[in-house]
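The values are calculated or read from the model by the stated rules, or taken from the named source; none is laboratory data. It should be emphasised that the depicted structure is a prediction, and the values quoted were computed from it without experimental measurement. Glycine also receives a Cβ, built like all others from the backbone with ideal geometry; neighbour counts cover every protein chain displayed. Accessible surface areas use protein heavy atoms only, side chains included; no ligands, DNA or RNA. Shrake-Rupley method; radii C 1.70, N 1.55, O 1.52, S 1.80 Å.
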Amino acid sequence: MASISTKDWLRTGDVWKAIDACSQWRKAQCSENGLAVVEEALVKAGIANKPRSALLTTGGGALRDLGRCDDAVRFGKEAHRLKPEDFRPCTLLGAVSIEMGSYARGAEWYEKAEALGASRNLIDRELQSILNAASHEKRSQIKKALKASNPSRYDQI
């Protein structure tokens, strides 16, 4: 599916096909390939704010997958600047912040995402994924910090 989406992107030049291709590569555990598609698409001149923000957000996810957290933050912040009303860059920045150990900042980004329309279920699934990937010690630190930032919100994690 990822290679088909990539071929569609290359054939049509449709930025949304590049976004889909990156997403498909990430699902296939080939985030480097997805990032390459995004980086190529970002070079394309004249991309409007909405698709550029979506490219940056999905590319930021690929960077996060690859452990390139500083670059993921840079992509996320630019995406948020372009589309401040979109919750997706906020969820990216929340996840990356928590993974970098900035738990309070991560909670702030997730709260902003929820205020912008992200479902609590989506955020909780993302947090659970982060917790599942963390060591026992780090998982405990994350839970403690989130509960300290908003006890009623994070009492169930």
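For this structure, a couple of remarks:
- Residue-averaged [θ]222 nm for the chain, counting only DSSP H segments that reach four residues, each worth -39500 (n - 2.57): -25000 deg cm²/dmol
- Listed values for the stretch 58-69 are Karplus-derived 3J(HN,Hα) couplings in whole Hz (6.51 cos²θ - 1.76 cosθ + 1.60, θ = phi - 60°), namely 5, x, x, x, 5, 4, 4, 4, 8, x, 9, 5, and x replaces Gly and Pro.
- Inter-part distance where the stretch 64-140 and the stretch 1-48 are each reduced to a Cα centre, Å: 22 Å
- Angle between the chain longest axis and helix 31-43 axis [Cα atoms, degrees, rounded to 10]: 60 degrees
- 3J(HN,Hα) from dihedral phi, the stretch 137-148, Karplus parametrisation 6.51/-1.76/1.60, rounded to Hz, x for glycine, proline: 5, 5, 4, 4, 4, 4, 4, 4, 5, 5, 5, 5
- With DNA, RNA and ligands ignored, accessible area of Asp70 (1.4 Å probe; Å², nearest 10): 110 Å²
- Scalar couplings 3J(HN,Hα) for the stretch 120-127, obtained by applying the Karplus form with A = 6.51, B = -1.76, C = 1.60 to θ = phi - 60°, are 4, 4, 4, 5, 5, 5, 5, 4 Hz; x denotes Gly and Pro.
- Extending 7 Å from Cα along the Cβ direction at Asn121 and again at Arg139 yields two label points whose distance is 2.4 nm.
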